Amino acid sequence: MEKTNELYRGKAKTVYETSDPDRLILHFRNDTSAFDGEKVAQLDRKGMVNNKFNAFIMQKLEEAGIPTQVDRLISDDEALVKRLEMLPIECVVRNIAAGSICRRLGVEEGLTLNPPTFEFFLKNDELHDPMINEYHIRSFGWGEDEHIEQMKKLTFQVNDVLKALFDEAGLLLVDYKLEFGLYKGEIVLGDEFTPDGCRLWDKETRQKLDKDRFRQGLGGVVEAYEEVAHRLNVPLD
Ligand code: UDP
């Protein structure tokens, strides 16, 4: 499948159209960003690691019956995916408090959330991705009732599958963000699942092995992503 033209350039991925109107190519770049694009850097190998990591995780989710966008890898840093009509919504599940929930609710990082909690955010950098609720989604027409229900159901299913997968690799799945789109009217998981969009801590030491290393200037960002990939037996070469 050949790229035809660039459709959209995001902060870390570029999306290309192909000769097939139902397929896109995602190019995972080495660019990384945080704080709504205020902090940026280029990290060697990140595009390759995230592309392969994402394909591996999406395959695991497919096997568990969760519909995903990914068809297959087409190069080290590119994947062929279904063309979705994306909903401008981020779905976040948290097993342990970290990041924005600590700032918003004044809770300590590391607090176990039982049961896990769920939040919707609007995808809008200018507004700093504000938290929204289901009424906002319906009133502003960002999604319909059945989309909301399906996104919640699938996001929690992802938690069951991935918490177990990461646990076996000695990792805690602290939280993660998912984005969904419509493919022929059905809700399908799009975007990516990589250490850029989740928090993963070592089970024993609680060492951070995700994008917080970049956000917090801890260094060893790609090395941490590679460590996670290695523990999950993701083939990187
Ligand atoms: N997240 C993301 N993109 C965003 C906002 C959040 O991938 O634009 C991920 C983030 O990496 C974390 C989870 O969603 O795994 C929850 O993020 P949080 O709300 O704590 O925001 P942050 O602390 O990243 O500002």
(message) Given the -39500 (n - 2.57) contribution per DSSP H run of 4+ residues, what per-residue ellipticity at 222 nm results for the chain, rounded to the nearest 500 deg cm²/dmol?
(response) -9000 deg cm²/dmol
(request) Assuming a ≥ b ≥ c are the square roots of the Cα gyration tensor eigenvalues, decide whether the stretch 113-237 counts as rounded (a/c under 1.5), prolate (otherwise, with a/b larger than b/c) or oblate. (result) prolate
(request) Specify whether the C-alpha gyration tensor of the chain places it in the rounded, prolate or oblate class, a ≥ b ≥ c being the square roots of the eigenvalues: rounded for a/c under 1.5, otherwise prolate if a/b is larger than b/c and oblate if not. (result) rounded
(request) Evaluate the relative contact order of the stretch 155-202 (contact order divided by residue number), counting alpha-carbon pairs under 8 angstrom at least 6 apart; express in whole percent. (result) 37
(request) Can you tell me the FRET efficiency between Lys184 and Glu2 if r is taken as the Cβ-Cβ distance and R0 is 25 Å, rounded to the nearest 0.05? (result) 0.60
(request) Scan the stretch 168-210 for trypsin sites (Lys or Arg not before Pro) in coil per DSSP, keeping those whose Cβ has at most 10 other Cβ atoms within 10 Å, and list them by number. (result) Lys184
(request) Normalising by the residue count of the stretch 83-199, find the relative contact order in percent from Cα pairs under 8 Å and 6+ residues apart. (result) 33
(request) Quick one: order Asp175, Asp129, Asp22 by neighbouring beta-carbon count within 10 Å, fewest to most. (result) Asp22, Asp129, Asp175
(request) Would you mind ranking Leu200, Leu61, Leu182 so that the residue whose beta carbon has the fewest other beta carbons within 10 Å leads the list? (result) Leu182, Leu61, Leu200
(message) Per residue of the stretch 43-54, what does 6.51 cos²θ - 1.76 cosθ + 1.60 with θ = phi - 60° give for ³J(HN,Hα)? Whole Hz please, x for Gly and Pro, Karplus curve as stated.
(response) 10, 3, 6, 4, x, 5, 4, 5, 4, 6, 4, 4
(message) Within a 10 angstrom radius of the beta carbon, how do Ile187, Ile132 rank from fewest other beta carbons to most?
(response) Ile132, Ile187
(message) I want to check the label-to-label distance for Thr112 and Glu17. Put each point 7 Å from Cα in the C-beta direction and report it in nm to one decimal.
(response) 5.1
(message) I need the calculated FRET efficiency for the pair Asn133 and Ala64, taking r as the beta carbon distance and R₀ as 25 Å, to the nearest 0.05.
(response) 0.35
(message) For the chain, what does the relative contact order come out to in percent, with C-alpha contacts under 8 Å and a separation of six or more?
(response) 18
(message) Suppose R0 equals 22 Å. What FRET efficiency, 1/(1 + (r/R0)^6) with r the Cβ-Cβ distance, do Cys102 and Gln207 give to the nearest 0.05?
(response) 0.75
(request) Treat each spin label as a single point 7 Å out from the Cα along the C-beta direction, and report the Val161 to Glu149 distance in nm. (result) 2.1
(request) Would you calculate the separation in nanometres between label points at Asp76 and Arg231, each defined as 7 Å from the Cα along the Cα-to-beta-carbon direction? (result) 2.5
(message) Students often forget the sequence filter, so: which aspartates and glutamates lie under 13 Å Cα-Cα from Lys13 once same-chain residues fewer than 8 apart are removed?
(response) Asp31, Asp77, Glu78, Asp191, Glu192, Asp196
(request) Name the most mobile residue of Glu109, Glu119, Glu17, meaning the one with the largest mean-square fluctuation, in a Gaussian network model of the chain with Cα contacts below 10 Å. (result) Glu109
(request) Would you tally the net charge around Lys177, using a Cβ to Cβ cut-off of less than 11 Å, leaving Lys177 out, and scoring K and R as +1, D and E as -1? (result) -4
(message) Going through the cross-link list Lys153/Lys203; Lys184/Lys208; Lys3/Lys203; Lys3/Lys163; Lys3/Lys153, which pairs have a Cα-Cα distance over 32 Å in this structure?
(response) Lys184/Lys208; Lys3/Lys203; Lys3/Lys163; Lys3/Lys153
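Every number here is computed from the coordinates shown, using simple stated rules; none is lab data. Bear in mind the structure is a predicted one, so any value in this text is a computation, not a measurement. Cβ: placed from backbone, ideal geometry, glycine included. Neighbour counts: every protein chain shown.
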